[in-house]
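Student: Sharing a structure below in structure tokens format, with a few things to ask.
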């Protein structure tokens, strides 16, 4: 049996039609979002990444509401240093973790956003990631220590004890800190501070190279945490047959090319290093490895929508196992329509991955 974990994605966007989803008027209502979270529970998923960004509903509020309406659903809450201060966030997350019975996961996002809109001025890349490093280190200390005093370049606390105290659950001492980013500055933060490094849907050779580099960095930078784990955030287009999957994938890309496939491009310019790597993949071919479809990147794509694994459940499971063989143990999958695909992939893909 696989020990990997499988999560889905909840876009949390005021604009309907995210990445080709159904453009329903109530797409981001509590009832609709709850129906997704409950479907995830019913169809074998561990939880879901909840999208973030200025101009979207507040991610932590959405995650709290969904945790209150579910019993096993684990929200992977995307948050930004600068939008949050460490002690405020550590307290909020500890409270939700306590109320939900230990279901909180955290995705630290440092990419550029509409900073001025919420009063941030995080400056250049070096400044941004130095601040993120301090944020992650301090939040972890606040979760695991009492009477914390910390004086850094970006944050300070004195005699700080977060209540309620986090309860140790097996080997889990605190919510896992997921992190992304492919720049040199980002990888140094991941190597020293993250629990799980998330990759976009790159080909196997690119993921292998990055895992090896991050392991080397962890040794060189004297990481003092448990070994870094690795995750994959990717679109998975699954159908009954290989032929049907490719027909549907090509039809979706044709609609994207016409500008009729809904809100696809989440990632405005300037483009981050990891996103640029994805957007350049189609120059190597429309299909890489066995079934990594890069053509969506020609027409925007955006993040996990830039490359897709396409095929039958057996095809996609086979490809995901190859990432697993490289050391990936955390998967965040999705396709649209989101609710339909939660059920389809939960029933057809997950059993193959767990078997």
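No lab work stands behind these numbers, since they all come straight from the coordinates. Only a predicted model underlies this, so the values are computations on that prediction, with no experimental measurement involved. Cβ: placed from backbone, ideal geometry, glycine included. Neighbour counts: every protein chain shown.
Student: Any idea how far apart residue 147 and residue 325 come out in nm if each label point goes 7 Å out from Cα toward Cβ?
Tutor: Each label point lies 7 Å from its Cα, and together they span 5.4 nm.
Student: Only bridges with both residues in the chain count here: give the DSSP antiparallel percent, nearest 5.
Tutor: Values: 8 of 46 bridges.
About 15 percent, rounded to the nearest 5.
Student: Report the full-extension gain for the segment residue 168 to residue 340: residue separation times 0.36 nm, less the Cα-Cα distance, to one decimal in nm. Intermediate values should be presented prior to the final figure.
Tutor: Numbers: separation 172, 0.36 × 172 = 61.92 nm, distance 3.57 nm.
Computed gain between residue 168 and residue 340 is 58.3 nm.
Student: For a protection proxy built on the mean count of beta-carbon atoms within 10 angstrom, sort 201-213, 172-184 highest first, please.
Tutor: Result, highest mean first: 172-184, 201-213.
Student: Can you tell me which of 163-171, 243-251 comes out highest on packing, and rank the rest after it, using the mean Cβ neighbours within 10 Å? Could you put the intermediate results ahead of the total?
Tutor: On the way: 163-171: 11.0, 243-251: 15.7.
So the peptides 163-171, 243-251, ranked by packing, come out 243-251, 163-171.
Student: Which one is right for this structure if semi-axes √(5λ) of the Cα gyration tensor in Å is calculated from it: (1) 70, 19, 17; (2) 31, 22, 21; (3) 70, 25, 19?
Tutor: Label (2) holds the value from this structure.
Student: Over segment 80-183, what relative contact order in percent results from Cα pairs under 8 Å that are six or more residues apart?
Tutor: Numbers: 130 pairs, mean separation 39.7, N = 104.
It comes to 38 percent, rounded to a whole number.
Student: I'd like to compare 222-229, 92-99, 8-15: which one has the highest average count of other Cβ atoms within 10 Å, and what's the full order after that?
Tutor: Numbers: 222-229: 13.1, 92-99: 18.6, 8-15: 20.8.
Highest-to-lowest ranking by the protection proxy: 8-15, 92-99, 222-229.
Student: For segment 1-156, what class follows from the C-alpha gyration tensor (a ≥ b ≥ c being the square roots of its eigenvalues): rounded when a/c is under 1.5, otherwise prolate if a/b is larger than b/c, else oblate?
Tutor: Details: a/c = 2.13, a/b = 1.38, b/c = 1.54.
In terms of gyration-tensor shape, oblate.
Student: Could I ask something else about it? If a/c stays under 1.5 just call it rounded; otherwise compare a/b with b/c (prolate if a/b is bigger, oblate if not). Do that for segment 125-188, with a ≥ b ≥ c from the square roots of the Cα gyration tensor eigenvalues.
Tutor: Numbers: a/c = 3.89, a/b = 1.37, b/c = 2.84.
Because a/c hits 1.5 or more and a/b fails to exceed b/c, segment 125-188 counts as oblate.
Student: Once you have the Cα-Cα distance between residue 280 and residue 250, take 0.36 nm times their residue separation minus that, and quote the gain in nm to one decimal. Write out the running numbers ahead of the final one.
Tutor: On the way: separation 30, 0.36 × 30 = 10.80 nm, distance 1.89 nm.
Residue separation times 0.36 nm, minus the Cα-Cα distance, leaves 8.9 nm.
Student: Another question, if that's okay. Kindly identify segment 83-190 as rounded, prolate or oblate by the Cα gyration tensor criterion: order the square roots of the eigenvalues as a ≥ b ≥ c, call it rounded if a/c is under 1.5, otherwise compare a/b with b/c, prolate if a/b is larger, else oblate.
Tutor: Working: a/c = 1.82, a/b = 1.53, b/c = 1.19.
It is prolate, given that a/c is not under 1.5 and a/b is the larger ratio.
Student: Still on this structure, please answer the following. Report the relative contact order of the chain, percent, no decimals, based on alpha-carbon pairs under 8 angstrom and at least 6 residues apart. Please list the in-between numbers first.
Tutor: Numbers: 649 pairs, mean separation 72.6, N = 355.
Here the relative contact order equals 20 percent.
Student: Another question, then. Would you mind getting me the FRET efficiency between residue 184 and residue 156? Use the beta-carbon distance for r and R0 = 35 Å, nearest 0.05. All intermediate terms of the calculation are to be shown ahead of the outcome.
Tutor: Details: r = 27 Å, r/R0 = 0.78.
E(calc), rounded to 0.05, equals 0.80.
Student: Spin-label point model (7 Å from Cα, Cβ direction): what's the residue 124 to residue 213 distance in nm?
Tutor: It is 2.0 nm.
Student: For residue 54 and residue 242, compute 0.36 nm times the residue count separating them, minus their Cα-Cα distance, and round to one decimal in nm.
Tutor: Details: separation 188, 0.36 × 188 = 67.68 nm, distance 3.84 nm.
Taking 0.36 nm per residue and subtracting the Cα distance, the gain is 63.8 nm.
Student: Any chance you could check the Cα centroid distance between segment 142-177 and segment 205-253 for me, in angstrom?
Tutor: Value for the Cα centre distance between the two parts: 30 Å.
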